[in-house]
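K.L.:
Supplied in structure tokens, the structure appears directly below.
The values are calculated or read from the model by the stated rules, or taken from the named source; none is laboratory data. Keep in mind that this is a model prediction, so the values were computed, not measured. Neighbour counts are summed over all protein chains in view; Cβ atoms, including those assigned to glycine, are modelled from backbone coordinates with ideal geometry.
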Amino acid sequence: MAQFQYEIADDVPDRFGTHVIEHLSDGGLLLLSGGHTILELLAPLRSSLAEYSGQPFAIGQVDERLVPSDDDRSNWMHISTGLDALDYLQLPMITCHTPTEKQLLADCETPDSGVLEARTALANGYAKRYEFLLAEYQPWSVVHLGLGTDGHTASLFPDSLALSNRSSLVTYNRDPSNANPLERITLTFPALNRFQFRIVVATGPDKAAVVERAIHGDGLPIHSLDPTNTLFLVDRDAAQGLTS
Ligand code: 6PG
């Protein structure tokens with residue numbers, strides 16, 4: 001099994017911005033993941049992109065939770081806020097078209113099976129739309145990924161349906177363990193592996209075990225990433241288990 005390349009850095013947010021700029025070919029597509037780590041990366045990324053002198057570029061999402069775009073759990077809300085006033089083509093995964101969609105997005109706490117079925121259909125609809133949107137945009141330059149303590153990346157959770165989806169580029173998914181709530185829309189591994197460069201960012205001591213297993217072990221969802229042109233960018237706390 002080919003091993004992932006990794007970089008241990010004391011200034012992960014700044015190094016992230018530098019790597020993105022180095023790989024954002026002119027007019028390229030950059031996709032960002034959600035979660036908490038990304039929140040530390042957005043300000044330095046915004047500074048790096050503000051200095052970027054290449055062609056106009058697009059920023060979109062690796063995955064999204066099925067919530068209203070003004071909900072604190074929305075990945076796009078955090079991305080678009082963090083990159084505020086930057087000049088780029090915005091490619092959010094969720095754009096409400098009708099009042100029905102707005103209500104279904106708002107119904108995320110409703111346990112009713114009919115609502116859950118309708119939300120799943122809505123997620124699949126958004127996934128299909130995003131697939132067409134991304135197909136229009138080339139080159140697929142850089143994709144940023146997080147790493148969950150269970151080894152998931154994007155919204156590709158252990159034992160979840162989307163892990164075996166080799167035909168779609170974007171799909172509906174959810175975490176069967178319910179450790180990561182809400183229906184999701186996510187790129188699949190075939191889509192992630194099409195990017196010219198993949199950067200996985202993990203920081204903090206709680207990621208040390210999963211980073212060690214990602215780099216030296218196997219059997220995690222993250223191991224479906226093509227190790228070629230994939231870089232793990234980690235801080236010293238997350239790198240505790242790595243032998244240099
Ligand atoms: C999501 C994210 C998810 C995240 C990882 C790591 O929507 O939850 O896209 O894949 O990147 O769970 O999250 P942290 O950086 O918060 O640990």
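K.L.:
Can you find, within region 130-149, the residue that is nearest to the ligand (Cβ to nearest atom) among those that are farther than 17 Å from residue 195 by Cα and surrounded by 16 or more Cβ atoms within 10 Å (Cβ to Cβ)? Reasoning before the result, please.
P.N.:
First, pick out the residues of region 130-149 that are farther than 17 Å from residue 195 by Cα: 147-149.
Next, only the ones that are surrounded by 16 or more Cβ atoms within 10 Å (Cβ to Cβ) stay: 147-148.
Details: 147: 6, 148: 4 Å.
Once the filter is applied, the top-ranked residue is 148.
K.L.:
Then there is this: Which pairs do you get when a residue that is at positive phi, found in region 1-29, comes within reach of a residue that is of a type in the set (Gly, Ala, Ser) and in a strand (DSSP E or B), reach meaning Cβ atoms under 9 angstrom, with the pair 6+ apart or on two chains?
P.N.:
If the second residue must be of a type in the set (Gly, Ala, Ser) and in a strand (DSSP E or B), the pairs left are 27/58; 27/141.
K.L.:
Note down all Cβ pairs under 8 Å where the first residue falls in region 139-154 and is over 15 Å from residue 63 (Cα atoms), the second is of a type in the set (Asp, Glu) and not in a strand (DSSP E or B), and they're at least six residues apart or on different chains.
P.N.:
Hits for this filter: 149/206.
K.L.:
With respect to residue 17, is the statement that it is buried (at least 19 other Cβ atoms within 10 Å of the Cβ) and not in a helix (DSSP H, G or I) true?
P.N.:
It is false that residue 17 is buried (at least 19 other Cβ atoms within 10 Å of the Cβ) and not in a helix (DSSP H, G or I).
K.L.:
Restricting region 92-109 to residues that are in contact (Cβ under 8 Å) with a residue 60 or more places away in the chain and within 22 Å of residue 135 (Cβ to Cβ), which is surrounded by the fewest Cβ atoms within 10 Å (Cβ to Cβ)?
P.N.:
It comes out as 94.
K.L.:
What number of residues within region 175-204 satisfy the criterion of being free of Cβ contacts under 8 Å to residues at least 40 places away in the same chain and either away from the ligand (no atom under 12 Å from the Cβ) or crowded, with 23+ Cβ neighbours inside 10 Å (or both)?
P.N.:
Total satisfying the criteria: 7.
K.L.:
Does region 42-90 hold any residues that are among the aliphatic types (A, V, I, L, M) and under 13 Å from the mean Cα position of the chain (by Cα), and which are they?
P.N.:
Keep residues of region 42-90 that are among the aliphatic types (A, V, I, L, M), which gives 42-43, 45, 49-50, 58-59, 62, 66-67, 77, 79, 83, 85-86, 89.
Passing the criteria: 59, 62, 79.
Condition check ((1) among the charged types (D, E, K, R); (2) under 24 Å from residue 202 (Cβ atoms); (3) in contact with a His (Cβ under 7 Å, 6 or more places away or on another chain); (4) modelled with pLDDT under 95) across all residues:
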| site | (1), (2), (3), (4) |
| --- | --- |
| 27 | no, no, no, yes |
| 39 | no, yes, yes, no |
| 42 | no, yes, no, no |
| 50 | no, no, no, yes |
| 81 | no, yes, no, no |
| 85 | no, no, no, yes |
| 91 | no, no, no, no |
| 122 | no, no, no, no |
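K.L.:
Here's something else I'd like to know. Looking at 14, 10, can you tell me which residue is more than 23 Å from residue 101 (Cβ to Cβ), touching an Asp or Glu at 6+ places or on another chain (Cβ under 9 Å), away from the ligand (no atom under 16 Å from the Cβ) and modelled with pLDDT of 95 or more?
P.N.:
Residue meeting the stated conditions: 10.
K.L.:
Can you tell me how many residues in region 119-129 are in contact (Cβ under 8 Å) with a residue 12 or more places away in the chain and more than 15 Å from the ligand (Cβ to nearest atom)?
P.N.:
5
K.L.:
Residue 136 - would you say it is at pLDDT 95 or above, among the acidic types (Asp, Glu) and out of contact with any Ser or Thr (no Cβ under 6 Å at 6 or more places or on another chain)?
P.N.:
Working: at pLDDT 95 or above: no; among the acidic types (Asp, Glu): yes; out of contact with any Ser or Thr (no Cβ under 6 Å at 6 or more places or on another chain): yes.
It is false that residue 136 is at pLDDT 95 or above, among the acidic types (Asp, Glu) and out of contact with any Ser or Thr (no Cβ under 6 Å at 6 or more places or on another chain).
K.L.:
Looking only at region 28-67, filter to residues that are more than 16 Å from the ligand (Cβ to nearest atom) and outside any loop (DSSP other than H, G, I, E, B); which one of those is surrounded by the fewest Cβ atoms within 10 Å (Cβ to Cβ)?
P.N.:
51
K.L.:
Considering only region 150-164, I want to know if a residue exists there that is away from the ligand (no atom under 16 Å from the Cβ) and surrounded by 20 or more Cβ atoms within 10 Å (Cβ to Cβ).
P.N.:
no
K.L.:
Considering region 232-244 alone, what residues qualify as being buried (at least 19 other Cβ atoms within 10 Å of the Cβ) and either within 19 Å of residue 140 (Cβ to Cβ) or in contact with an Asp or Glu (Cβ under 8 Å, 6 or more places away or on another chain) (or both)?
P.N.:
Result: 232, 233, 234, 235.
K.L.:
So, in region 95-112, exactly how many residues are within 16 Å of the ligand (Cβ to nearest atom) and either assigned to a strand (DSSP E or B) or touching a helix residue (DSSP H, G or I) at 6+ places or on another chain (Cβ under 6 Å) (or both)?
P.N.:
Residues flagged as within 16 Å of the ligand (Cβ to nearest atom) and either assigned to a strand (DSSP E or B) or touching a helix residue (DSSP H, G or I) at 6+ places or on another chain (Cβ under 6 Å) (or both) within region 95-112 amount to 0.
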